[in-house]
Structures are given as structure tokens and as C-alpha cells.
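Since the structure comes first, as C-alpha cells, the remarks are kept for the end.
The values are calculated or read from the model by the stated rules, or taken from the named source; none is laboratory data. Note that the structure is a prediction, hence the values are computed from the model and not measured. Virtual Cβ from ideal backbone geometry, glycine too; neighbours counted across all protein chains shown. Surface areas here come from the heavy atoms of the whole protein model, side chains and all, with no ligands, DNA or RNA. Shrake-Rupley method; radii C 1.70, N 1.55, O 1.52, S 1.80 Å.
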Amino acid sequence: MDRPRYAYLGPSGTFTEQALAQVVSPEQGEYLPYPDVTSSLEAVRSGSADFAVVAIESTGDGGVTATLDALATGSPLVLLREMLVPVQFDLVAAPGTTLSQVRRVSAHPHAWVQCRGWLSTHVPGAVHVPAASNTAPALVLASGERSPAFDAALVPPTAVEAYGLSALARQVADSDGLITRFVLVGHPGDVPPRTGADKTTLVVQLPDDESGALMSMLEQFAVRGINLSRIESRPVGDSLGRYSFSIDCEGHLMDERIGEALMGLHRTCPYVRFLGSYPRADGTAQQVTVGTSDVEFADARRWLAALRDSEPR
């Protein structure tokens, strides 16, 4: 039987590969490295891969816009689980390079943001040379390429040993508590079962620009006691001032309060895309406020049915 295929941001040694290892081992699934998030997701859409693992959020830089935008459009994909990976970076360079010689630093844009405080102190004036992934510059240094376009690179600590590099400085991220959240993405189908510690991810576009439109959308969650753990606006792209919202809320599609909120959004918003309900990686159970449990929704529905049945025909 063929092993399932998993697309991820490569080359080997990225934080994305660490997240993928939480899902499946290389013996159980085929690892397929891709150059960026978009191509990883498109591999699933085209059938070149069965699943993809992509970053969706980080404590240092918020939502990963490439992922949010790629999931919001195109043929539907769904999130099946989430994984959390602690993040740290080392500064590496070719043998013989000293810190004082560093003028150009290659880094993935998120790595640059997460280390820019340290860099401004220890490598003031350094120019950012964007990298496609956190290990792409490590591969360049390991290849022995002469006169690369950068003097040093920010890479995951695991890449230092994996690519046989030496570090100019260790653990240079501005925070010791950086975490990146990754998601396993697949085709729509069976929703992972409800655990009581779940998230639901949506994309919601507001109706025409009008006073109170955002409040009306948020009320669909608030009146049902649904906590939003993440909400970010993204431009729709067809004109200025038009935005959609990428949302994580606490709960599962099978929860009555989530179902009621989805119906409310469907009634009042022009575009709602369900991106999945899946277990939280930290296992934290959602808090259900008074009046919003499944039992209370069912009781209210029975009460209304009784009122309707008692009305004369």
C-alpha cells in the first residue's frame, strides 16, 4: 500500500518539517519538500500530495498571510489538526567569517522579524536578504557556493548540525517563548470528531461597507458565548476598503452554538468559508457560558416547538 504523501516547506530541517514529524514519521508517510506555502497547498489541490503541513500563526508575527490567503480562495481545503513548535534561531556563516564582517543576513521574513532586536544590537545596519524558508540559506552555505548573496543566515538550531555549519551566535531570537502554530491540511470530507477542546476556522467576508457591519458579524459569536482566539483582516483584492476576516473560534462544528453562529453568518454575510473543526494542540477545553450548551439549545428548541404546536391552526 502506498504511503500517504505530505507536502511541506523545505528543504529538510525547517520548523515545518518538525511539525510534520508530529503527524507522521518518514517511515509512515512520504515527505515532499516544496519551496513555499502556496505550492505546498496547491500540491494537495492538484493531487500531487495527499496532505500539506503549513504555518498559520506565530507568537512573534501573528498570522502567516501566505497561508491565510491561499486557504481563503481556490478549491476548498480543510484543516484537520494543529501542531505547536517552539522556535529559536542561530546565526551561521561560512567558515572564517566573523560577526564584525556581517553586512547581509539571509532569513525567512518571519525569522527576520523575530530576531530584528538582536540584529539591530549586534549587527547594526545589516541588510535583510529574504529567504524562501528557514533552511534555504543553510543549504547554500553547506553547498560551498562561492560568493553567496549574503554573509550570514538565521537558521533553526537543528539545521546547524544537519548541514554541518558553525554558528556565529546561538539563540538570537528576541523572545525565549516563540511558538509557531502549524496545521495539517487536506481535502474536505469527514470532520475530525468533537473532543471538547476544539477550534473552528472560518473565512468571513462582510456585506457592503456600512456602519456596524463588523459589529453585526461579531455579534453572531458574542450572543452565543463563542470566544474568538484569533481574528485577522485580509484584503479581498478587488478594491480598496474591501476586507475578509480569518477567524479561529473555540468550539466544534457539531456544537449547537457553533452551528447556530454559522447559520447566522450564512444569513448575513455574502461569503463564509468553513475551513475545519479540529482538536486544539494544547488540549484546553473551551468554557461554555450559561445558556449556550447543547442541552440548553435543545431545550429552547423544544420550548419553541411546544409554543408553535399550541397555536390554533
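Within region 174-181, does at least one residue satisfy the condition of being assigned to a loop (DSSP other than H, G, I, E, B), surrounded by 14 or more Cβ atoms within 10 Å (Cβ to Cβ) and among the β-branched types (Val, Ile, Thr)? Checked region 174-181: no residue is assigned to a loop (DSSP other than H, G, I, E, B), surrounded by 14 or more Cβ atoms within 10 Å (Cβ to Cβ) and among the β-branched types (Val, Ile, Thr).
GLY47 meets all of the listed conditions (1) open to solvent by 10 Å² or more (accessible area, probe 1.4 Å); (2) more than 25 Å from LEU139 (Cβ to Cβ); (3) touching a residue at least 40 places away in the same chain (Cβ under 8 Å); (4) of a type outside the set (Asp, Glu) but one, namely (3). Is it the case that some residue within region 74-81 is part of a strand (DSSP E or B) and of a type in the set (Ser, Thr, Tyr)? No.
Restricted to region 203-255, and to residues there that are of a type in the set (Val, Ile, Thr) and touching a residue at least 24 places away in the same chain (Cβ under 8 Å), the residue that is surrounded by the fewest Cβ atoms within 10 Å (Cβ to Cβ) is VAL236. Among helices (runs of 4 or more DSSP H) entirely within region 105-165, having at least 1 residues that are without any contact (Cβ under 8 Å) to a residue 40 or more places away in the chain, surrounded by fewer than 23 Cβ atoms within 10 Å (Cβ to Cβ) and among the acidic types (Asp, Glu) singles out 157-162. Scanning region 184-201 for residues that are closer than 22 Å to GLU256 by Cα and either out of contact with any Gly (no Cβ under 9 Å at 6 or more places or on another chain) or not in a strand (DSSP E or B) (or both) returns PRO188, GLY189, ASP190, VAL191, PRO192, PRO193, ARG194, THR195, GLY196, ALA197. Residues in region 159-176 include none that are closer than 19 Å to GLY10 by Cβ and in contact with a Cys (Cβ under 7 Å, 6 or more places away or on another chain). Please find, within region 272-313, the residue that is most open to solvent (accessible area, probe 1.4 Å) out of those that are touching a Leu at 6+ places or on another chain (Cβ under 9 Å) and aromatic (Phe, Trp, Tyr). This residue is PHE274. Looking at PRO11, PRO95, just one residue is in contact with a Ser or Thr (Cβ under 9 Å, 6 or more places away or on another chain), open to solvent by 60 Å² or more (accessible area, probe 1.4 Å) and part of a loop (DSSP other than H, G, I, E, B), and that residue is PRO95.
In the set ALA52, ALA19, ALA43, only one residue is assigned to a strand (DSSP E or B) and of a type in the set (Gly, Ala, Ser); that residue is ALA52.
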